[in-house]
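Colleague: Quick one: structure below, then a few questions.
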Amino acid sequence: MKNMTSRLALLAGLTAGTIVLASAPDASAQELQITGPLAGAPAVRRLRLHRDGRFDIAPHATFTLLDEFRRNVLFGARANYHFTDSLGAGLFGAGGISYNAGLADELQTKAVDGRDCADNPNTLACRRTAVSLCRGPNCLEESQLGSIVWMLAPQLTVVPFRGKFSFFGAFFMDADISLFLGPAVVGLNERAECTKGECADNFKLDSRVTGTATFGLGFNFYPTDYMSFGAEFRATPLSWNTSGFDIAGPESNFPDDAIDTNDRSFHFNPMLTVFASVQLPTAINLSD
Amino acid sequence: MAIKQATVGLWFSVALVLTAAPSLAQTEEGKAAEGAAAEAPTPAEDTAPTGDATAVAGEEAGDADAGSLEELCRIDPENCVKVDMKAAADRVLAPDMYAVQQIWALRKGRFEINPYGSVTMNDQFVAHPGPGVGLNYYVLNWLAGGVNGNFYQELNAESDFNFETSRAARVGQPITEYQWNVNANVTLVPAYGKFAVLSNFIFHYDFYFLAGAGAMSTRPKAVVDPDNRTFDWSVKPTWGFGGGIRIFFTRYLSAMLEIRDYMFLEDLENPSIASGIDSRGLPLAQDPSTWLAPDKSFTNNVQAQLGLSVFLPFSWKYELAK
């Protein structure tokens, strides 16, 4: 009887164990997911750190977008030092040239040359546009339309996205997406201010330096360990008078026959930068 | 005593569980590995043959116990494994490897439904925002055919810039309104990849390009002589191309951003007002044949399209490692 009881107890223990065992596969698999060797592991191992502890020097060409009257092409360089692979600081500098957009040429042809207000000053159109439109060949470009001349921007760069891409599954390249932000000093050419009564005879460009912010997004591709190329989209919001027109006066009165700060309008000044970059030192580190 | 024996039984079972757990995991992995091996494509000819790999493995094992290998070679010289380790190490291996394995963005044989909103990128005088939708079918992972359409009516908006420029310079800029367009498209997806967000979260993306042709309904807006002129919608052929990026949140849902250029020959309002009267005694300014500019204007309607892509069916099964 005693043996029977013992055997039953042993059988009960084994049965309980078997039940535990039978339910173990799912539990153990789940356990592996929580405490297995990959638990807590980084999403990426042995990552090539293209930025960590390196300088990044990039000559660039920058093109303004959505220009109303003058297109600007700025040439310069960007220099950054990256404290980590995802954070850097540096300087963006550019200066360049500008040329007429289609609308400026059309205005020059139809509204300036076509009206010939120098010889027909008393026509209605010439009288009404005396303050806003210059007179003479190429006068819009030379004396009235605004342009961006140079730009200097210390900036912080954050690199939240790092990865790679494939072209038809045959060609692979490291890539990252960076965000940048900083103050900016911008040099402009803009129609000189004038007061009521003198603006019709006062068409000339003046230089102005203004402060603002700049920010944007960059796409960077790394064909080698020490060279990259890419493109940046940048906005540099500021108010300026791109046309040289009298478009508003105090309390939005029009016309006030004066060219002043009331005639400036807000622009984001979007730009596209294309660059090639060298990373120094040329040796690259790997993450864990 | 019975309790003691039951406890022993439980401890025995616990021991079984503890020893079984790794075994089970191993079994699962083994099954997976076997499945993968069974489904794996035949190795390329320049891939190392299995026999060599076994030999190398044997040699490495022998290194760990050199005495045993030497003993084996002494006893049975015929079957002694002789491997030139340097030559084996210098061997060129070219196994089939993919930098992005098991990509989320498998598209072959799936439909893509793509609702989006669009804004005009290149017209400072009038904006043509509107909703749109695309439908594509992927015949290959990198090739699709489909259609898309945009709706603009009642959403065209003149800009302040247009008003200010017209007023200050006393010029009328011919502007047009859009009603709708539809296009048949061919889409090419040459590039895909993945990004890690601050090394924590990985998402997949792809780049695509497309070209298409279709029809577009537009009309000029009367600016020069609005007292006499009214324009009806008319349909023009359109063609164009574009490119975009998709970022996948799940295997069937992604966000997309596309830049698209719809090109067409546009009718613009005649900047001149006809003078005189016609044979019926009516002013020529009221004759609709004088309302349009004599030449058509080549127009690029560049728009940014931001939306979602939903792939159907929602899921699929990988048959190969790639």
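Colleague: Relative contact order (percent) for region B:111-312, with alpha-carbon contacts under 8 angstrom and 6 or more residues of separation?
Modeller: 22 percent
Colleague: Still on this structure: Compare the Cα positions of A:V158, A:L205, A:L103 along the charge dipole of region A:54-280 (+1 at Cβ of Lys, Arg; -1 at Cβ of Asp, Glu; about the Cα centre) and return the one farthest towards the positive end.
Modeller: After comparing all options, I get A:V158.
Colleague: Under the definition of partner shielding as Cβ atoms of other protein chains within 10 Å of a residue Cβ, what is the mean value for peptide B:114-124? Let's see the in-between values first.
Modeller: Working: counts 0, 0, 0, 0, 0, 0, 0, 3, 2, 1, 6.
Counting Cβ atoms of other protein chains within 10 Å of each residue's Cβ and averaging gives 1.
Colleague: Also, I was wondering about something else. At what distance in angstrom do the alpha carbon centres of region B:115-189 and region B:209-255 lie from each other?
Modeller: Taking the Cα centre of region B:209-255 as reference, the centre of region B:115-189 is 4 Å away.
Colleague: Treating only the Cβ atoms of Lys and Arg (+1) and Asp and Glu (-1) as charged, compute the dipole magnitude of region B:111-312 about its Cα centre; round to the nearest 20 debye.
Modeller: Dipole size: approximately 620 debye.
Colleague: Another question about this same structure. No solvent, one uniform scatterer per C-alpha: report log10 I(q)/I(0) for region B:111-312 via the Debye equation at q = 0.10, 0.15 1/Å, two decimals.
Modeller: One equal scatterer on each Cα of region B:111-312 leads to -0.53, -0.93.
Colleague: Now for a separate question. If each of A:L87 and A:N253 carries a label point 7 Å out from its Cα toward its Cβ, how far apart are those two points in nm?
Modeller: That separation, rounded to one decimal, is 5.3 nm.
Colleague: Same structure again: Could you tell me which of B:Q303, B:P288, B:L198 has its Cα farthest along the dipole of region B:195-322 towards the positive end, charges placed at Cβ (Lys, Arg +1; Asp, Glu -1), taken about the Cα centre?
Modeller: Ranked along the dipole, the leading option is B:L198.
Colleague: Still on this model: Would you be so kind as to identify which of A:F69, A:L280, A:L124 lies farthest towards the positive end of the dipole of region A:54-280, taking Lys and Arg as +1 and Asp and Glu as -1 on Cβ and the Cα centre as origin?
Modeller: The Cα lying farthest towards the positive end belongs to A:L280.
Colleague: Let me ask you something else. Measure out, as a whole number of angstrom, how far apart the alpha-carbon centroids of region A:164-185 and region A:204-250 sit.
Modeller: 20 Å
Where a number appears in this text, it was derived from the coordinates with a stated rule and is not lab data. Every value quoted in this text rests on a predicted model; they were computed, and no experiment measured them. Cβ coordinates were reconstructed from backbone atoms using ideal geometry, including for glycine residues, and neighbour counts include every protein chain displayed.
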